[in-house]
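Down below is the structure, laid out as structure tokens.
The values are calculated or read from the model by the stated rules, or taken from the named source; none is laboratory data. Nothing here was measured: the structure is a model prediction, and the numbers come from that model. Here the Cβ is made from the backbone with ideal geometry for all residues, glycine too, and neighbour counts use every protein chain on show. These area figures cover heavy atoms from the full protein model, side chains too; ligands, DNA and RNA do not enter into them. Shrake-Rupley method; radii C 1.70, N 1.55, O 1.52, S 1.80 Å.
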Amino acid sequence: MNKIIVAVSFVAFSLFSANAQEDTRMGGFIGYGSEIKTVGFGLNAEFPLIENLTIAPSFTYYLPKDEDIVKTTIFEINGNANYYFMNDDSIGFYGLAGINYTSVKVEVEDFGFGIGGASASEGKIGLNLGAGANFNIGKNWMPFAEVKYVVSDYDQVVLLAGVKFNL
């Protein structure tokens, strides 16, 4: 039992040591979904695990889409792992893979006379595959760009651009 406690302590200490050597980042972005054809805004973070590997959660809210009497609202929650293939003084290029949860809510206006006025929502889990780049401009913040493909019942390409702040 003591060997297990020592091993777990060693692993935890190693992760925290790696964490102390790298920057934790948080930021915001604007994005575009190819299938929903609307703009989204979001927040993201990046937490180092070991050298060249980070965990990157994010949340994206897409602007509601109004088409005649139908209003569609979409948001997604992502948990990605970013692996840095190249990380020098000016640019950090990474591949990403992770889990995606997309929620879609559709509302139909009431036509009057008790017709219409319904709503429904559904969420689906999928996978993210993509790549991104951080551009080090010598400040406490850095611009970034990312492209990913969401593999799920809501397949689409998502383009993101934003800023990450070093904490």
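Regarding residue 105, is this residue in contact with a Ser or Thr (Cβ under 7 Å, 6 or more places away or on another chain) and modelled with pLDDT of 90 or more?
Details: in contact with a Ser or Thr (Cβ under 7 Å, 6 or more places away or on another chain): yes; modelled with pLDDT of 90 or more: yes.
Against the criterion (in contact with a Ser or Thr (Cβ under 7 Å, 6 or more places away or on another chain) and modelled with pLDDT of 90 or more), residue 105 qualifies.
Within segment 84-97, not a single residue is aliphatic (A, V, I, L, M) and under 22 Å from residue 38 (Cα atoms). Here residue 74 passes the criteria (1) open to solvent by less than 30 Å² (accessible area, probe 1.4 Å); (2) touching a helix residue (DSSP H, G or I) at 6+ places or on another chain (Cβ under 9 Å) except the one numbered (2). Candidates in segment 15-26 are the residues that are of a type in the set (A, V, I, L, M) and modelled with pLDDT under 95; of these, the one that is surrounded by the fewest Cβ atoms within 10 Å (Cβ to Cβ) is 20.
Residues that are buried (at least 18 other Cβ atoms within 10 Å of the Cβ) and modelled with pLDDT of 95 or more within segment 152-162 comprise 158, 160, 162, listed in sequence order.
Please find, among 63, 96, 49, the residue that is open to solvent by 70 Å² or more (accessible area, probe 1.4 Å) and in contact with a strand residue (DSSP E or B) (Cβ under 9 Å, 6 or more places away or on another chain). So that I can check it myself, show each step before the final result.
On the way: 96 fails: open to solvent by 70 Å² or more (accessible area, probe 1.4 Å); 49 fails: open to solvent by 70 Å² or more (accessible area, probe 1.4 Å).
From the options 63, 96, 49, the qualifying one is 63.
Consider segment 115-141 and keep the residues that are without any contact (Cβ under 8 Å) to a residue 12 or more places away in the chain and on the phi < 0 side of the Ramachandran plot. The one that is farthest from the chain's Cα centre (by Cα) is 115.
Counting just the residues of segment 133-151 that are surrounded by 13 or more Cβ atoms within 10 Å (Cβ to Cβ) and small (Gly, Ala, Ser), which one comes out farthest from residue 31 (Cα to Cα)? Among them, the one singled out is 133.
For segment 138-167, give me each residue that is of a type outside the set (A, V, I, L, M) and outside any strand (DSSP E or B).
Those that are of a type outside the set (A, V, I, L, M) and outside any strand (DSSP E or B): 138, 139, 140, 152, 153, 154, 155.
Among the residues of segment 27-37, how many are in a strand (DSSP E or B) and surrounded by 15 or more Cβ atoms within 10 Å (Cβ to Cβ)? Working first, answer last.
Of all residues in segment 27-37, those in a strand (DSSP E or B) come to 27-33.
Still in the running and surrounded by 15 or more Cβ atoms within 10 Å (Cβ to Cβ): 27, 29, 31-33.
Of the residues in segment 27-37, 5 are in a strand (DSSP E or B) and surrounded by 15 or more Cβ atoms within 10 Å (Cβ to Cβ).
With respect to the conditions (1) surrounded by 16 or more Cβ atoms within 10 Å (Cβ to Cβ); (2) in contact with a Ser or Thr (Cβ under 8 Å, 6 or more places away or on another chain), residue 56 falls short on a single one, namely (2).
Which of the following residues is of a type in the set (Asp, Glu), farther than 23 Å from residue 137 by Cβ and free of Cβ contacts under 8 Å to residues at least 60 places away in the same chain: 51, 76, 67? Talk me through it step by step, then tell me what you get.
Values: 51 fails: farther than 23 Å from residue 137 by Cβ; 76 fails: free of Cβ contacts under 8 Å to residues at least 60 places away in the same chain.
Just a single option satisfies the conditions, and that option is 67.
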